[in-house]
Amino acid sequence: GENVEQHPSTLSVQEGDSAVIKCTYSDSASNYFPWYKQELGKGPQLIIDIRSNVGEKKDQRIAVTLNKTAKHFSLHITETQPEDSAVYFCAASMGDYKLSFGAGTTVTVRA
Amino acid sequence: DTAVSQTPKYLVTQMGNDKSIKCEQNLGHDTMYWYKQDSKKFLKIMFSYNNKELIINETVPNRFSPKSPDKAHLNLHINSLELGDSAVYFCASSQGAEQYFGPGTRLTVT
């Protein structure tokens, strides 16, 4: 099955700085890559996703890039704010309804 | 206007008991899921139903049995609870690739 690795496991950034989380996947058949944000005591919230026919996607302060050749994708958060503090998960899917998740990155934004 | 809701939010029970978790979605989605999040926050799919038909059944003990009475509901029944079943269980739904998660049910088995 698909194996998704995510790094780093923890990330501390100064407010206003950028944060980058990287994921790699094992199965070249994967074609859908969502990112989720999970705040304490809540369910994962879909924040952005990218499909394999696209190299980059942006939504305000967040962006995701995909390198199909290297089988890795990244989440970039610019101008971080305290409310960005959360656990972020990457995931990959082959379009078969099954999402394989990375282990998560705990992001702390220092004021 | 909750999209995916779960009840209960917290469930504390003793080993050997049988318990159920309910999930409802009002998004009109065809597909619903159960995920388990362990103490290290790792998320793993357990089951998925599409139009009331089971389409994903991961390696889960058969003490866990999902039931989908209709497209908007997916329940999870757990028999003979064990300490290792303690986790947060999330329901999710989708129409296409994007999956939307409920708030979770924290199950504690003592």
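When each of A:THR108, A:THR65 is tested for being farther than 20 Å from B:GLU98 by Cβ and among the hydroxyl-bearing types (Ser, Thr, Tyr), the lone residue that passes is A:THR108.
Filtering region B:51-77 down to residues that are of a type in the set (S, T, N, Q) and farther than 28 Å from A:GLU5 by Cα, which residue is modelled with the lowest pLDDT? Per the stated criteria, the residue is B:ASN51. Checking A:SER52, A:SER30 one by one, the residue that is within 14 Å of chain B (Cβ to nearest Cβ), without any contact (Cβ under 8 Å) to a residue 24 or more places away in the chain and on the phi < 0 side of the Ramachandran plot is A:SER52 and no other.
Within region B:96-109, not a single residue is within 14 Å of chain A (Cβ to nearest Cβ), small (Gly, Ala, Ser), in contact with a strand residue (DSSP E or B) (Cβ under 6 Å, 6 or more places away or on another chain) and in a strand (DSSP E or B). In the set (1) within 14 Å of chain B (Cβ to nearest Cβ); (2) closer than 13 Å to A:PHE101 by Cα; (3) not basic (Lys, Arg), the condition left unmet by A:LEU40 is number (2). How about region B:12-36: which of its residues are away from chain A (no Cβ under 13 Å), surrounded by fewer than 19 Cβ atoms within 10 Å (Cβ to Cβ) and either of a type outside the set (Val, Ile, Thr) or outside any strand (DSSP E or B) (or both)? B:GLN14, B:MET15, B:GLY16, B:ASN17, B:ASP18, B:LYS19, B:SER20, B:LYS22, B:ASN26, B:GLY28, listed by residue number.
Scanning region B:37-49 for residues that are farther than 15 Å from B:PRO103 by Cβ, surrounded by 20 or more Cβ atoms within 10 Å (Cβ to Cβ), at the interface with chain A (Cβ under 8 Å from one of its Cβ atoms) and not hydroxyl-bearing (Ser, Thr, Tyr) yields one hit, B:ILE45. The residues in region B:30-45 that are touching a residue at least 60 places away in the same chain (Cβ under 8 Å) and within 30 Å of A:THR106 (Cα to Cα) can be counted, and the count is 5.
Quick check on region B:84-93. Is at least one of its residues loosely packed, with under 15 Cβ neighbours inside 10 Å and either more than 21 Å from A:GLY95 (Cβ to Cβ) or within 11 Å of another protein chain (Cβ to nearest Cβ) (or both)? Yes, region B:84-93 contains a residue that is loosely packed, with under 15 Cβ neighbours inside 10 Å and either more than 21 Å from A:GLY95 (Cβ to Cβ) or within 11 Å of another protein chain (Cβ to nearest Cβ) (or both). Can you tell me which residues in region A:64-110 are away from chain B (no Cβ under 14 Å), aliphatic (A, V, I, L, M) and outside any strand (DSSP E or B)? Once the filter is applied, which keeps residues that are away from chain B (no Cβ under 14 Å), aliphatic (A, V, I, L, M) and outside any strand (DSSP E or B), region A:64-110 yields only A:ALA70. In the set B:LEU54, B:LEU74, only one residue is surrounded by 15 or more Cβ atoms within 10 Å (Cβ to Cβ), outside any loop (DSSP other than H, G, I, E, B) and within 14 Å of another protein chain (Cβ to nearest Cβ); that residue is B:LEU74. Here B:SER94, B:SER86, B:SER65 are screened, and the one residue that is farther than 26 Å from A:LEU40 by Cα and of a type outside the set (Phe, Trp, Tyr) is B:SER65. Is it the case that some residue within region B:49-58 is touching a Leu at 6+ places or on another chain (Cβ under 8 Å), of a type outside the set (Lys, Arg) and closer than 24 Å to A:TYR32 by Cα? For region B:49-58, residues touching a Leu at 6+ places or on another chain (Cβ under 8 Å), of a type outside the set (Lys, Arg) and closer than 24 Å to A:TYR32 by Cα: present. What about A:GLY41, is it under 25 Å from B:CYS23 (Cα atoms), assigned to a loop (DSSP other than H, G, I, E, B) and touching a residue at least 40 places away in the same chain (Cβ under 8 Å)? Spelling it out, it is not the case that A:GLY41 is under 25 Å from B:CYS23 (Cα atoms), assigned to a loop (DSSP other than H, G, I, E, B) and touching a residue at least 40 places away in the same chain (Cβ under 8 Å).
The values are calculated or read from the model by the stated rules, or taken from the named source; none is laboratory data. Note that the structure is predicted; figures quoted are calculated from it, not measured. Cβ: placed from backbone, ideal geometry, glycine included. Neighbour counts: every protein chain shown.
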